[in-house]
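Q: Pasting a structure here, questions to come.
The values are calculated or read from the model by the stated rules, or taken from the named source; none is laboratory data. Small disclaimer: the values here were computed from a predicted structure and weren't measured. For neighbour counting, all protein chains shown are included, and Cβ atoms are generated from backbone atoms with ideal geometry for every residue, glycine included. Note: areas computed on protein heavy atoms with side chains; ligands, DNA, RNA excluded. Shrake-Rupley method; radii C 1.70, N 1.55, O 1.52, S 1.80 Å.
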Amino acid sequence: MDINNPGPATVDFPFPFQPYPIQERFMRELYRVLETGKIGIFESPTGTGKSLSLICGSLAWLRNFEEKKRQEEARALSVGETENKGGQEMDGHTAAPSSDPDWITQFLSKKEEMDVKNKIKEDQLRRKKREERLEQMRHNGQLKFASKRKREEDEAVRLLQLSQRMLSSDGEGPALEQEEEELVLAEYESDEDTKKGATLDEDEDDDLEEEHVTKIYYCSRTHSQLSQFVRELQKSPFSKETRVVSLGSRQNMCVNDEVRRLGTAQLINDRCMEMQKNKHEKKTEEAEVKKRRVSRPSCPFYSYEQMQFLRDEVFVEVKDIEQLVTQAREVKACPYYASRYAIPAAQVVVLPYQMLLHDCTRRASGIKLKDQVVIIDEAHNLIDTITGMYSSQVTGAQFCQAHSQLAQYMERYRSRLKAKNLMYVKQILFLLEKFVGALGGNVKQNPNYQKVPQEGTTLRSINDFLFYSQVDNINLFKVQRYCTRSMISRKLFGFMEKFRAADVGLAVKESTKPGGLQQFLQNLHQKDCSEGVQEAGENGQTRTASPLMQIEGFLTALTNANQDGRVIVQLQGSVAQSSLKFLMLNPAVHFAEVLKECRSVIIAGGTMQPVSDFKQQLLISAGLSPDRIVEFSCGHVIPPENILPIVICSGPTGQQLEFTYQKRDLPALMDETGRILTNLCNVVPGGLVVFFPSYDYQKLIMDHWEKTGLTKRLAIKKKIFQEPKKASQVEQVLSEYSRCIKLCSQSTGPLRGALLFSVVGGKMSEGINFSDDLGRCIVMVGMPYPNIRSPELQEKMSYLDHTLPKTNGVAAGRVLIENLCMKAVNQSIGRAIRHRDDYATIVLLDHRYSRPNILGKLPQWIRSSTEVKPAFGPAYASVRKFFQLKKTISMSPT
């Protein structure tokens, strides 16, 4: 083996404690995948230290990769110097045959060598300066003091300039006109990409241009999961030597309270970009005249020097987003942009899914994936996440509201809008009118009172829909680009905010009687929940964004390739209730760029089975060769005797357990399910969690048990809790459930714990830990197959049948149904067993679980211990014996 390229078996993995054997195997396999530049699918159950294994395995590889690179650079420099010394001695001697003269060949060769050497020296000098600056910041408190003093001076200058502007603007027009001036669309320069929209001056661009070092992009679904990962990184042996930056949305990172009060992410984004534009607007003579008339605010936190200072502070020690925002407030700098300036020099970048997987967001954030490593954690719903990002739905009410608002806007500012702006505004109005027409409505009438011609759902290809709605002559790419650059939705929102109370008076002239379009618009503002996009601002008031913001997403979706998506026309009740929805069918087309650019991609999660979806729909469909894909699944840290997964095929009376759609409503089957739970309550201590396939079936079976008296019999054994309908009540229910179990364990009363009824895919099937006594038994009632009659699912199945091969003779659409079902099962039953000393039994109530193709989709650590019991008697005996043994062990002196 090459000593300069150590294999995983010889690598030392620093760890904060003695790792479990499965963690060592995980890290070695991870190292091998990164070293060979492959794509890995890694499964490590919750409680096995997956985060630390990812951190220590990937950073050990990065450390060795950088060391090897430094050795190669040093070798290249030494070889170059040796050849230069011996070059003169070789002159006049034998030369390689070439069509060029000798002196040209030698010159080109030496120039190539010098270019390589100069590049290496520049990289080394840049690294040395960065390390010296960070070291200085770690030990020199004077820098922070000087920075604070400069901030105070800058603030004084800013206040002085502000007062001067206010004095000089007196008498130049009422404040109302100045505010309204900001609502007018700026002149639209060109349809083509230009550099005119840049937010930084050219000299700043040059200063910011920095080559990206090899790094690891770690992403997960939520900010809380990212913060947890950073805390694990802070505890690792790599925390002192690794440059880490956390990225987030403006909504999570903005420290400008005035902007934060806008509430919605879209409004915050638009306002932030507008304030930057005001700060960096070129100071031409015309612009100066306009600025004297209109005072446009800029963000006080968008200070280049302070953001550069905060960028360096980011690397002094590992920080999560909350710590970064706190420090940003102290130094009065924008953490959103400071963190982006830190990306090139960072070794680890921590960011949410959306920022990495969404192409436009990735580019806007300055993320460059070329030859980098990407780790996607909690990736069990990665396909759904990408599909959701590129799908969009808009109601008829939103189309009508946007049309009316935009028409009012155009009428008021028609004389102020340039020809190109007017052209695009009219094109958008035309599109909105035709989209409402596709729903069978008219934009000049109240959509609430327009009945659809015939209720139903129709699916169309993109091209077919464009012809159907008569907008095939519109260049949607140009319209979408115009919406983005002109920030028309932001202008429209400001316009409606300003004239909210009087928008009826501004309405386009039309002969409508009460109950018409004007009344509809008034009602929209009076409702607590309008059809627009709403979020609560910091002051608790609801801010309603213009529906045009959501419609822009629909327009963007229509620019996808014809074969990659479908438009669903849903007609129901009135035009207001009907909708147009774009369904993304091929998420691989958007994931392909990530796979193409990166050196290696790691898709990791606690429960990744079944993995065939990831391989077929995301990787192979993106053009990836199967031999580049590596699968790794490790067992749990618990001993095998701490888990009892069991498939029960029939109940106490011999009734076969088959919860198909046709049979699950049978009273006999519901009674048999009740008997099984009653028996389990007799032997299961602590908490017993039952998952039903749907909310409807949970209500049906519990109503039946209430009538038969079974609920009362269950309540004698265990106190019954139900998953709440409101997400805000989940914490309270879990707290009461936990308290009940704890009290029962300390008393000798008849209650033996608690019984919790939940729903697969509900609020408690993911992200909730039923560890120890909270989940000694998890019961899965039936198989939670998705609704096969859903038009979206049927279209997805049809698409997969036409694009993917069969698996063992089974059509790809049928495989999708099974995989969706088993993914939901695996997420639910994975709520139990959360650490090494935990134990539980998992009961699967349906004989179909015994089929080999279904058993094969369970996680390996569960599948290897699963027992199939055709009759209930032996199954009950196994469960009773399991808990008796655990009780004996817990009572033993050792």
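Q: Please give the length that would be gained between Ser735 and Lys420 if that part of the chain were fully extended, namely 0.36 nm times their separation in residues minus their C-alpha to C-alpha distance (nm, one decimal).
A: 107.4 nm
Q: Given R₀ = 22 Å, what would the calculated FRET efficiency be for Ala265 paired with Phe477, taking r from the Cβ atoms and rounding to 0.05?
A: 0.35
Q: Turning to a different aspect of this structure: Leaving out ligands and nucleic acids, note down the accessible area per residue over segment 626-666 with a 1.4 angstrom probe, in whole Å².
A: Roughly 46 Å² per residue, with all protein chains present.
Q: Hey, another quick one. Based on the Cβ-Cβ distance from Glu867 to Thr457, what FRET efficiency comes out when R0 is 41 Å, to the nearest 0.05?
A: Result of the calculation: an efficiency of 0.40.
Q: First compute the accessible area of segment 734-861 with a 1.4 Å probe, then give the percent of it belonging to carbon and sulfur atoms.
A: It is 50 percent, rounded to a whole number.
Q: To the nearest 10 square angstrom, what accessible area does Cys483 show with a 1.4 Å probe?
A: 10 Å²
Q: Which value in nm describes the separation of the simple spin-label points at Glu66 and Ser224, placed 7 Å from the Cα toward the beta carbon?
A: Placing both labels 7 Å along Cα→Cβ, they lie 3.3 nm apart.
Q: Leaving out ligands and nucleic acids, and using a 1.4 Å probe, what accessible area per residue does segment 315-448 come to in Å²?
A: The answer is 33 Å² per residue.
Q: Over 22 Å between Cα atoms: which of Lys451/Lys478; Lys418/Lys491; Lys451/Lys796; Lys663/Lys717 fall into that group?
A: Beyond 22 Å between Cα atoms: Lys451/Lys478; Lys451/Lys796; Lys663/Lys717.
Q: Follow-up question, since we're still on this one. Could you give the nm distance between label points at Arg814 and Gln860, where each point is 7 Å from its Cα heading toward the beta carbon?
A: The modelled label-to-label distance comes out at 2.8 nm.
Q: Over 18 Å between Cα atoms: which of Lys38/Lys596; Lys319/Lys368; Lys699/Lys763 fall into that group?
A: Going by Cα-Cα distance, Lys319/Lys368 fall outside the 18 Å limit.
Q: Grab the Cα-Cα distance for Arg675 and Glu305, subtract it from 0.36 nm times how many residues apart they are, and report the gain in nm with one decimal.
A: Once the chain is fully extended between Arg675 and Glu305, it gains 126.1 nm.
Q: Per 0.36 nm of contour for each residue apart, how much would the distance between Arg412 and Gln884 grow if the chain were fully extended, relative to their Cα-Cα spacing?
A: Gain on stretching Arg412 to Gln884: 162.0 nm.
Q: Here's a follow-up. For segment 691-802, what does the accessible surface come to per residue with a 1.4 Å probe? Please give it in Å².
A: 51 Å²
Q: All other residues with a Cβ under 12 Å from the Cβ of Leu369 taken together, and with Lys, Arg as +1 and Asp, Glu as -1, what is their net charge?
A: Here the count lands on +3.
Q: Express in whole angstrom the spacing between the alpha-carbon centres of segment 812-875 and segment 620-641.
A: 18 Å
Q: Calculate the spin-label point distance for Tyr661 paired with Arg329, positioning each point 7 Å from the Cα along the beta-carbon direction, and give it in nanometres.
A: Each label point lies 7 Å from its Cα, and together they span 5.2 nm.
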